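Enquirer: Pasting a structure below so you can have a look.
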Amino acid sequence: MLENFLAGSQALFGDPFTIGIFVFGVLGGMLFGAIPGVSMLTLAAILLPFTANLEPAQGVMLFAVIYCTGTYGGAITAILFNIPGAPENAPTAFDGYPMTQQGKSGKAVGAAVLCSAIGGVASALVMMAATEPLAQWAIRNIGPPEIFALVFFGLAVASSVGARTVWKGWISVLLGLMIATIGQDPVGGINRYNFGFSDLAAGIAFVPAILGFFAVSEIFVQADKRTSGQFKSPKLGMSFPTIFELWAHKIAVVRSILVGFFCGILPGIGATLAAFMGYGEAVRWSRNRKEFGKGKLEGVISSETANNAATGAAIIPLLALGLPGGALTAMMVAVFQMHDLEPGPLVFYNSPDLIWVVFAAMFYANLSILVIGLLETKTILYLLKIPFPFLAPMILLLAAIGSYIGRGLVLDVVVMFAAGIIGFLLRRSGYSIPGLVLGIILGKIGEQNFAQGMQMVHYDLLEYFSRPICSILILLGILTLLSGVYKALKPSRSLSSANWTGSSAGQK
Amino acid sequence: MGKLTRSQVVEAALWFAIVAIFYAFSFGFDRPIEIYKFGATGWPRVVLFLLLLAAIGNLAYTWRHGSAAQKGRVGIADDVPATTVRSPRQLLRMGGVLATPFAFALLLKPVGFYFASPFFIAAIILLFGERRIKYILVITGFIYLLLLGLFVVLLNAPLPQGNVSPFYDYSAFILTLNSKLQQMW
């Protein structure tokens with residue numbers, strides 16, 4: 001492994017042009033992740049046609065680096081503006097934004113930098129050491145029933161955070177699942193809910209919906225606060241977390257690495273579910289659950305460690321099985337195909353050089369997060385000093401460009417602003433936008449794997465429980481749902497004193 | 001009506017309407033799939049049934065407890081509550097904020113990004129409460145040039161050019177300037 005890693009490093013740093021691409025990927029991923037309104041997906045969509053002119057290793061490496069650094073960059077906007085750069089940063093905003101409101105933005109961003117780097121480096125090391133055996137294990141033990149069970153568990157966790165009541169949490173997730181049914185059904189390819197519009201046959205485009213629900217709705221919320229006189233300026237906090245503060249969360253870091261890696265390695269799941277589950281597990285195991293969502297450092301640490309731990313792991317099913325784990329890894333498949341390559345087991349035998357350049361680049365990209373992140377954090381915090389009336393049009397225009405570029409359709413910009421208005425109205429009524437978005441993301445994956453799983457077990461649902469991993473995940477999901485039902489049916493003891501006054505700081 | 005307000009009744013009615021409409025439209029694709037017993041309607045109808053249950057639960061909860069949040073919920077938004085009373089002027093301004101991006105999106109096809117965006121930037125700054133004309137003009141110019149520099153000059157991203165003259169001509173002028181700039185490098 002070490003020899004291969006050194007050979008990959010030499011190939012990466014031996015050619016000035018490849019170094020240039022690496023640096024561009026690191027800075028571009030961070031920048032696009034950190035600019036509110038656009039994300040690493042926007043940058044990737046713009047760069048995709050240009051990769052045809054690059055060497056295959058350079059093209060794939062560029063996207064892998066953007067994936068690592070962009071996942072971290074999205075945390076900055078989640079913490080400072082309550083606008084997650086990507087869905088995987090949504091749980092970071094739960095505690096990160098309240099920390100900003102309390103003048104602890106430096107601590108939150110500092111923790112995100114360090115934990116993203118730790119999660120990413122740990123994931124990259126495991127990826128280098130064990131891609132082939134892990135892929136083999138996944139092939140033997142993970143099938144559609146397990147993936148469906150994980151989706152079920154993830155959605156159960158998502159429904160328990162972000163909404164004012166458990167009912168609203170479930171409605172949010174179910175609405176997301178419903179939106180995901182628009183377009184062709186994943187088994188028979190039958191058009192569903194296109195309402196006579198041919199553009200809807202491909203379903204609701206993912207990027208405009210995400211940008212609308214997260215970025216545009218946040219702008220509307222800020223406008224609403226200003227017009228109703230309830231706007232409070234965020235405080236600028238420059239102090240980083242101390243070593244002791246971070247050391248106190250070592251168990252949360254290790255737990256999130258394990259959760260993130262497990263979610264990342266499963267085909268089609270990716271970093272978003274990892275972040276939600278990392279956060280959900282932190283809440284589950286904490287002695288001070290009530291502090292979550294009100295500015296608890298552990299919330300930021302758990303979410304950011306888990307999503308970056310999933311980045312390395314998500315490359316495993318892509319390279320070993322040819323299955324992308326999310327939107328960006330799906331674009332990486334396109335890069336492979338542009339160069340007449342197919343990701344899959346044969347890549348390890350046909351293009352080992354490419355594999356190790358990518359592995360080495362991901363390792364160094366995660367280290368760069370630490371170095372550049374710590375150096376630039378204080379500069380980035382000054383974004384808070386920009387008056388929001390000047391920031392708002394920039395965010396809206398960047399979001400409009402980001403949603404247009406993907407397919408070149410003005411319809412996507414309209415969808416994005418419509419999603420922004422719907423998101424704004426839902427947030428005002430106490431529904432969970434992260435839950436809704438996770439429902440949209442996982443809806444098709446869940447349905448497809450449920451259908452394949454049912455065909456595998458000949459429509460005998462009890463067969464799911466004869467598979468250990470599947471049964472554990474389903475039981476955990478049921479337990480999460482039952483605890484929600486219990487709380488919902490015991491409302492007399494569980495009503496919050498915060499009754500629509502917004503006194504409980506938190507996120508969408 | 002217990003503790004239900006008019007907006008909560010509307011909210012509940014909206015969920016029931018969504019369930020009813022989507023259920024009715026599901027008959028439009030209710031065809032069997034040879035390899036899959038539950039067909040194309042199985043999954044959406046289960047989701048709709050669960051949505052109906054959740055909407056009933058939500059209504060019952062609101063009936064008993066109004067808009068009170070459950071204790072122990074994590075990550076609840078601190079947004080301005082829907083029940084806040086607003087003056088007509090505040091409502092008008094908020095309506096403007098919601099409508100302007102939508103109008104901008106609808107104008108992108110005929111007018112194009114290059115012509116519409118400076119007006120959009122200025123309108124949003126104005127709606128967010130800035131009244132100093134000099135500031136609005138300077139910031140509008142700055143944001144416009146920054147975005148053109150990043151996406152047009154640096155990344156060559158294709159943006160909507162419009163299809164109505166003279167807006168289309170303006171877009172063509174900007175793109176010609178860009179290609180001349182690229183040739184200078």
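Enquirer: Near the amide H of B:Leu155, under 5 Å away, which other amide H atoms are found, from residues 5 or more places off or on another chain, if H is placed in the peptide plane?
Expert: Hits under the 5 Å cutoff: none.
Enquirer: What is the helix-to-structure angle for B:6-26, meaning the angle in degrees between its Cα long axis and the longest Cα principal axis of chain B, kept from 0 to 90 and rounded to the nearest 10?
Expert: 90 degrees
Enquirer: Helix by helix, which DSSP H runs in chain A go 24 Å or more along their axis at the Cα atoms and have an average Kyte-Doolittle hydropathy of -1.0 or more? Intermediate values should be presented prior to the final figure.
Expert: Working: long enough: A:16-34 (27 Å, 1.87); A:56-81 (37 Å, 1.36); A:105-141 (44 Å, 0.96); A:297-316 (30 Å, 0.64); A:352-381 (41 Å, 1.52); A:388-407 (29 Å, 1.55); A:410-428 (28 Å, 1.84); A:433-456 (34 Å, 0.71); A:468-489 (31 Å, 1.96).
Long hydrophobic helices here: A:16-34, A:56-81, A:105-141, A:297-316, A:352-381, A:388-407, A:410-428, A:433-456, A:468-489.
Enquirer: With 24 Å as the limit, write out which pairs from A:Lys296/A:Lys378; A:Lys250/A:Lys294; A:Lys104/A:Lys487 have Cα-Cα distances beyond it, or answer none.
Expert: Working: A:Lys296/A:Lys378 21 Å; A:Lys250/A:Lys294 21 Å; A:Lys104/A:Lys487 32 Å.
Flagged as over cut-off: A:Lys104/A:Lys487.
Enquirer: In peptide B:48-56, what is the residue-averaged number of other protein chain Cβ atoms found within 10 Å of each Cβ?
Expert: On the way: counts 4, 1, 6, 7, 1, 4, 11, 4, 1.
Per residue, the number of nearby Cβ atoms from other chains is 4 on average.
Enquirer: Averaged across A:393-406, how many Cβ atoms of other chains sit within 10 Å of each residue's Cβ atom? Write out the running numbers ahead of the final one.
Expert: Working: counts 19, 8, 1, 7, 12, 4, 1, 11, 9, 2, 1, 7, 5, 0.
Per residue, the number of nearby Cβ atoms from other chains is 6 on average.
Enquirer: Enter the Cα centre distance for the pair the stretch B:1-68 and the stretch A:444-470, rounded to the nearest angstrom.
Expert: 25 Å
Enquirer: Additional query: Cross-link candidates for B:Lys109: which aspartates and glutamates have Cα within less than 17 Å, leaving aside residues fewer than 8 places away along the same chain?
Expert: A:Asp199, A:Asp412, B:Asp169
Enquirer: Using only DSSP helix segments of four residues or longer, with each worth -39500 (n - 2.57), what per-residue ellipticity at 222 nm results for chain A after dividing by its residue count and rounding to 500? Walk me through the intermediate numbers first.
Expert: Values: 22 runs with 356 residues, N = 508.
The helix contribution divided over chain A gives -23500 deg cm²/dmol.
Enquirer: Oh, and also: What ranking do A:Cys263, A:Cys68 get, fewest neighbouring Cβ atoms within 10 angstrom at the top? Display every interim value, and only then the final one.
Expert: On the way: A:Cys263 27, A:Cys68 33.
Listing A:Cys263, A:Cys68 from fewest to most nearby Cβ atoms yields A:Cys263, A:Cys68.
Enquirer: Let me ask something else. Can you sort B:Leu4, A:Leu41 so the residue with the fewest Cβ neighbours within 10 Å comes first? Provide the component values of the computation, followed by the final result.
Expert: Values: B:Leu4 16, A:Leu41 28.
Going from sparsest to densest Cβ surroundings: B:Leu4, A:Leu41.
Enquirer: How many Cβ atoms of partner chains, on average, are near each residue of A:407-413 if near means within 10 Å of its Cβ?
Expert: Details: counts 0, 3, 2, 8, 3, 1, 9.
Mean inter-chain Cβ contacts per residue within 10 Å come to 4.
Enquirer: Counting other beta carbons within 10 Å of each residue's own, what order do A:Ile355, A:Ile139, B:Ile124 fall into, fewest first?
Expert: Numbers: A:Ile355 23, A:Ile139 14, B:Ile124 27.
Arranged by neighbour count, lowest to highest, A:Ile355, A:Ile139, B:Ile124 become A:Ile139, A:Ile355, B:Ile124.
Enquirer: What stretch of chain B, leaving out the sites themselves, is the longest with no trypsin sites (Lys or Arg not before Pro) in a DSSP loop having at most 13 other Cβ atoms within 10 Å? Can you show the working numbers first?
Expert: Details: sites that count: B:Lys3, B:Lys37, B:Arg131, B:Arg132.
My reading of the result: B:38-130 is the longest stretch.
Enquirer: Please give the calculated 222 nm ellipticity per residue for chain B, where each DSSP H segment of at least 4 residues contributes -39500 (n - 2.57) and the sum is spread over every residue; nearest 500 deg cm²/dmol? Don't skip to the end; give the middle numbers.
Expert: Values: 6 runs with 117 residues, N = 185.
About -21500 deg cm²/dmol.
Enquirer: Could you pull out every residue, at least 5 positions away or on a different chain, whose amide H is within less than 5 Å of the one on A:Phe292? Hs are placed 1.01 Å off N in the peptide plane, and Pro or chain starts have none.
Expert: Excluding prolines and chain starts, which carry no amide H, there are no hits.
Enquirer: Given H placed 1.01 Å from N in the peptide plane, which residues other than close sequence neighbours of B:Ile33 have an amide H under 5 Å from its amide H?
Expert: When sequence neighbours closer than 5 places are left aside, the close amide H contacts are B:Gly39, B:Ala40.
Enquirer: Would you kindly compute the Cα radius of gyration of the stretch A:91-208 and its largest Cα-Cα separation (Dmax), both in Å?
Expert: 19.8, 53
Enquirer: Please work out how much length the chain gains when fully extended from B:Ala24 to B:Val10, using 0.36 nm per residue of separation minus the C-alpha to C-alpha distance, in nm with one decimal.
Expert: On the way: separation 14, 0.36 × 14 = 5.04 nm, distance 2.05 nm.
Extra length from B:Ala24 to B:Val10 when fully extended: 3.0 nm.
Every read-out reported here was derived from the displayed coordinates using simple, explicitly stated rules and does not represent laboratory data. Owing to the predicted nature of the structure, the values given are computational and were not obtained by experimental measurement. As a convention, Cβ positions derive from the backbone with ideal geometry for all residues, glycine included, and neighbour counts pool all protein chains shown.
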